[in-house]
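Shown next, in structure tokens, is the structure this report addresses.
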Amino acid sequence: MKTIHAEAAQLPFATQIENVVMSTPLPDIHTHLYAPAFRDLLLWGIDELLIYHYLVAEAFRYLDVPYEKFWAMAKTEQAELVWQHLFLEHSPVSESCRGVLTTLRALGLDVKKRDLPALRDWFAAQDADQHITHCMELAGVRKIHMTNSPFDDLERPVWEQGYHHDERFQACLRIDPLLLAWPETAVTLAQWGYTVEAGQLSQKTFDEVRRFLADWTRRMDAAYVMVSIPPDFKFPAANVTAQLIENAVLPHCREFGLPFALMPGVKRAVNPQLRLAGDGVGLSDLSTLQNLCAGFPENKFMVTVLARENQHELCVLARKFRNLHVFGCWWFTNVPYLIDEMTRMRMELLGLSFTPQHSDARVLEQIIYKWQHSRRLIARVLVDKFSALAQTGWQVTPAEIERDVKDLFGGNFERFCTK
Ligand code: RAT
Ligand code: ZN
């Protein structure tokens with residue numbers, strides 16, 4: 001009887017929680033989207049949606065065309081192949097397939113017609129700049145964090161020629177080649193006028209790497225410095241990656257007050273023939289993260305891990321170290337089953353002191369489905385948690401619900417960044 005009463009009593013605030021979660025504007029704190037000034041780097045439209053690397057990996061489950069033949073095709077042909085195999089010849093039940101349909105529906109397009117040429121016509125008629133704002137409104141995203149690499153030959157010239165800030169976008173400095181391909185990167189830095197030595201990590205080299213990081217942090221006005229690292233990454237260690245982190249990246253982040261975003265667990269190019277779709281996942285040794293958080297209390301670490309099996313340990317670490325901010329359900333964990341599990345576990349261990357999601361969108365319109373799907377799951381978890389509180393007699397006010405959702409959707413993150 002008691003439960004029935006509690007359930008009946010929870011109904012009005014369940015609707016309110018859902019409404020607040022579905023409508024609160026939020027910053028998307030990690031994407032691969034670009035402001036229009038970066039021109040072709042901003043991907044959008046139905047063909048790009050269909051050849052998203054998450055879908056390409058799924059399509060190859062059914063395709064028997066040789067990899068090289070697929071890559072030699074025009075994007076439109078690749079998209080047709082994906083459409084044929086993942087949408088027409090089999091029902092599109094995977095999260096990435098369903099995402100395309102959620103997106104089209106939210107844009108007002110009729111998916112049941114299954115009419116790819118008509119979809120192409122609709123996208124071709126959009127004005128790119130207005131379309132960005134429209135997609136952000138539909139997703140409830142108020143700021144898109146980009147992933148900006150000085151090492152990208154298409155992107156670098158835009159910064160060097162003077163990028164005009166677009167208030168919808170926030171830059172973030174991505175440094176994977178610096179930490180994971182030092183011998184080649186040292187040559188590049190030397191060509192750009194930084195006095196570094198590839199063979200020897202002297203104090204001079206660390207200072208010059210810091211000068212490089214400072215120049216690009218200022219040029220981009222970056223919100224944080226970021227790297228994805230393989231599962232076997234260790235810290236402390238005598239290797240170049242660990243040395244550069246300790247002597248250049250961490251002092252740089254301290255000087256500029258920036259979080260260092262770490263994304264452990266990716267095994268790059270498990271199947272290189274799949275190109276961008278060919279990366280895998282491995283279990284990380286998070287004692288590495290413990291060593292970083294404990295050894296550098298003046299640094300801030302924002303972390304998402306790729307392996308499901310690392311999620312619990314990450315939560316426990318965040319209970320020990322307040323300089324660790326847990327965020328997002330990354331890549332292979334960005335599926336309803338795991339978002340639900342991870343969000344519940346995080347809330348049960350960390351309360352509301354984390355950022356439940358980022359989109360990792362590579363194609364503009366993906367922010368619509370990624371956020372719609374995640375918001376629904378987060379709302380369900382919150383309804384359960386507030387219902388459990390109601391059963392104790394604790395009452396939350398509408399203002400408190402709004403406060404808590406705002407914290408989850410950007411408030412916690414923004415405070416962490418300005419600490
Ligand atoms: O999720 C993705 O699209 C991956 O390809 C990666 O880009 C990953 O998110 C990363 O930032 O390394
Ligand atoms: Zn990413």
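The values are calculated or read from the model by the stated rules, or taken from the named source; none is laboratory data. The model shown is predicted, which means the values in this text are computed figures rather than measured ones. Glycine gets a Cβ as well: all are built from the backbone with ideal geometry, and neighbour counts include every protein chain shown. Accessible surface is based on the protein model in full, side chains and every heavy atom, while ligands, DNA and RNA are left aside. Shrake-Rupley method; radii C 1.70, N 1.55, O 1.52, S 1.80 Å.
Among the residues of region 87-123, which ones are assigned to a helix (DSSP H, G or I), charged (D, E, K, R) and over 27 Å from GLN273 (Cα atoms)? Residues satisfying the conditions are ARG105, LYS112, LYS113, ARG120, ASP121. For region 343-394, a residue qualifies if it is within 27 Å of HIS32 (Cα to Cα) and charged (D, E, K, R), and the qualifying residues are ARG344, ARG346, ASP360, ARG362, GLU365, LYS370, ARG375, ARG376. Here ARG275 clears all of (1) open to solvent by 20 Å² or more (accessible area, probe 1.4 Å); (2) in contact with a strand residue (DSSP E or B) (Cβ under 8 Å, 6 or more places away or on another chain) except the condition numbered (2). If you go through region 223-240 one residue at a time, do you hit one that is away from ligand 2 (no atom under 16 Å from the Cβ), in contact (Cβ under 8 Å) with a residue 12 or more places away in the chain, open to solvent by 10 Å² or more (accessible area, probe 1.4 Å) and part of a helix (DSSP H, G or I)? For region 223-240, residues away from ligand 2 (no atom under 16 Å from the Cβ), in contact (Cβ under 8 Å) with a residue 12 or more places away in the chain, open to solvent by 10 Å² or more (accessible area, probe 1.4 Å) and part of a helix (DSSP H, G or I): present. Return the residues of region 301-358 that are open to solvent by less than 10 Å² (accessible area, probe 1.4 Å) and basic (Lys, Arg); say none if nothing qualifies. If the condition is that a residue be open to solvent by less than 10 Å² (accessible area, probe 1.4 Å) and basic (Lys, Arg), then ARG346 is the only one that fits. Only one of these is β-branched (Val, Ile, Thr) and over 20 Å from GLN16 (Cβ atoms): VAL405, VAL305, VAL396. Name it. The unique qualifying residue is VAL305. Among the residues of region 275-285, are any under 30 Å from VAL82 (Cα atoms) and assigned to a strand (DSSP E or B)? Looking for residues that are under 30 Å from VAL82 (Cα atoms) and assigned to a strand (DSSP E or B), one finds at least one in region 275-285, hence yes. The condition of being touching a residue at least 40 places away in the same chain (Cβ under 8 Å) and touching a Phe, Trp or Tyr at 6+ places or on another chain (Cβ under 6 Å) holds for only one of LEU55, LEU42, that being LEU42.
Selection of region 373-419 for residues being under 30 Å from PHE260 (Cα atoms) and open to solvent by 70 Å² or more (accessible area, probe 1.4 Å) yields ARG376, GLU402, ARG403, LYS406, GLU414, ARG415, THR418, LYS419. Among the candidates GLN84, GLN78, the residue that is open to solvent by 30 Å² or more (accessible area, probe 1.4 Å) and either in a loop (DSSP other than H, G, I, E, B) or more than 16 Å from ligand 1 (Cβ to nearest atom) (or both) is uniquely GLN84. For the residues ASP360, ASP340, the requirement of being at positive phi and in contact (Cβ under 8 Å) with a residue 40 or more places away in the chain singles out ASP360. The helices (runs of 4 or more DSSP H) found entirely in region 153-208 that carry 2 or more residues being more than 16 Å from ligand 1 (Cβ to nearest atom) are 156-160, 182-191. Of all residues in region 142-176 being more than 16 Å from ligand 2 (Cβ to nearest atom) and aliphatic (A, V, I, L, M), which is farthest from ALA361 (Cα to Cα)? In this case the residue turns out to be VAL158.
If you go through region 23-37 and keep only what is open to solvent by less than 10 Å² (accessible area, probe 1.4 Å) and outside any loop (DSSP other than H, G, I, E, B), you end up with LEU26, PRO27, ASP28. Is it true that some residue in region 119-135 is of a type in the set (D, E, K, R), open to solvent by less than 10 Å² (accessible area, probe 1.4 Å) and touching a residue at least 24 places away in the same chain (Cβ under 8 Å)? No: zero hits.
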